[in-house]
Amino acid sequence: MKQTNFLFSMSTLRLFMGLGCLLFFFSCDSRKAAAPSTAEFHTVTDDLGRKVKLPVEPRRIIALAPSMTEMLFAVADTATIVGRTQNCDYPAAALTKPVVNNYPMDYEKLLSLKPEVVFATEGIISMEVAAQVQKMGIPIYFQAYDSVTDILHGIRNLGFLLNRREKGQAVADSLQTRLNQLAADSTRGTKPRVLAITWKDPIYVYGRNTLFTDKLRYAGGQNAVTDVFAQPYPALTREYILKMNPDVIIGGSFDQMEKTFFSLYPELRRIKAYQQKRIYDVTDDLMSRPSPRVVEGIAELKAVLR
């Protein structure tokens with residue numbers, strides 16, 4: 001009887017030990033599955049030098065600038081784009097997305113869309129707004145563009161950030177090919193000096209240190225503003241413009257500018273652009289937005305300069 005009890009006890013002990021090992025195995029495996037993978041997030045540096053922790057493959061994204069929204073629609077899976085700003089109107093598919101006002105910033109609406117990443121461009125979204133967005137637990141990534149090359153780099157970078165490298169590379173390569181074709185004959189002949197007016201009273205223009213200067217290089221022209229001002233879009237005096245004497249003015253058709261701009265500043269009728277009626281209207285969005293449509297903007301400038 002004692003031997004039977006002993007054997008029973010040994011069998012029971014083995015059973016419990018086996019169950020214990022099995023439970024330990026499943027417990028370890030469960031903890032391993034539940035532990036967050038370090039590969040799910042990575043820390044990257046944006047164009048302003050800020051360290052930002054982002055999902056490796058974001059599923060809910062939004063841009064707070066029209067140009068950046070265009071970038072997202074060119075590269076991202078559009079189903080992942082959860083909203084747009086009140087000024088984002090291209091491509092047409094953007095108009096189907098919910099609106100988040102970015103001026104003033106509608107934080108409540110932004111939070112309701114639950115984006116995993118917010119994309120912004122330098123000069124459109126302030127650092128104060130960015131800080132508030134990050135306090136809400138939403139990372140914000142900035143891009144900056146000083147040249148046409150920066151736009152192509154930004155497209156490739158978005159491909160990396162959205163885990164769509166091939167798409168970003170393909171879009172950038174296609175744009176580069178078209179840029180090369182546009183620039184092929186831009187080195188020939190004289191380069192007209194172009195003054196681009198963004199506001200008429202006071203007179204604000206595209207300064208030297210803007211993307212416009214580089215776009216003109218591809219189009220076969222040059223910025224008539226040769227000085228580098230502290231502001232990228234400086235206010236100029238009539239005296240300064242008379243001395244500059246630009247060959248071309250962009251800012252409206254000749255008739256429009258005659259009724260508005262030149263009626264305000266009749267002395268500017270002495271400049272070469274007015275005398276030769278080289279005053280043109282161009283598509284504002286193509287001029288102002290650093291987006292994948294930059295090539296279309298350069299092509300329009302090139303046609304005007306011809």
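The values are calculated or read from the model by the stated rules, or taken from the named source; none is laboratory data. Since this is a predicted model, take the numbers as computed values, not measurements. Glycine also receives a Cβ, built like all others from the backbone with ideal geometry; neighbour counts cover every protein chain displayed.
Among the residues examined, Ile249 qualifies as in a strand (DSSP E or B) and closer than 13 Å to Ile197 by Cα. Residues that are more than 14 Å from Leu301 (Cα to Cα), polar (S, T, N, Q) and not in a strand (DSSP E or B) within the stretch 189-217 comprise Thr190, Asn209, Thr210, listed in sequence order. Contact annotation: no residue pair with Cβ atoms under 7 Å, 6 or more positions apart or on different chains, pairs a residue in the stretch 82-111 that is touching a residue at least 24 places away in the same chain (Cβ under 8 Å) and loosely packed, with under 12 Cβ neighbours inside 10 Å with a partner that is in a loop (DSSP other than H, G, I, E, B) and of a type outside the set (S, T, N, Q). Applying the criterion of being more than 19 Å from Ala303 (Cβ to Cβ) and basic (Lys, Arg) to the residues of the stretch 251-285, the residue that is modelled with the lowest pLDDT is Lys259.
Among the residues of the stretch 275-282, are any closer than 30 Å to Leu152 by Cα and out of contact with any helix residue (DSSP H, G or I) (no Cβ under 6 Å at 6 or more places or on another chain)? Within the stretch 275-282, one or more residues are closer than 30 Å to Leu152 by Cα and out of contact with any helix residue (DSSP H, G or I) (no Cβ under 6 Å at 6 or more places or on another chain).
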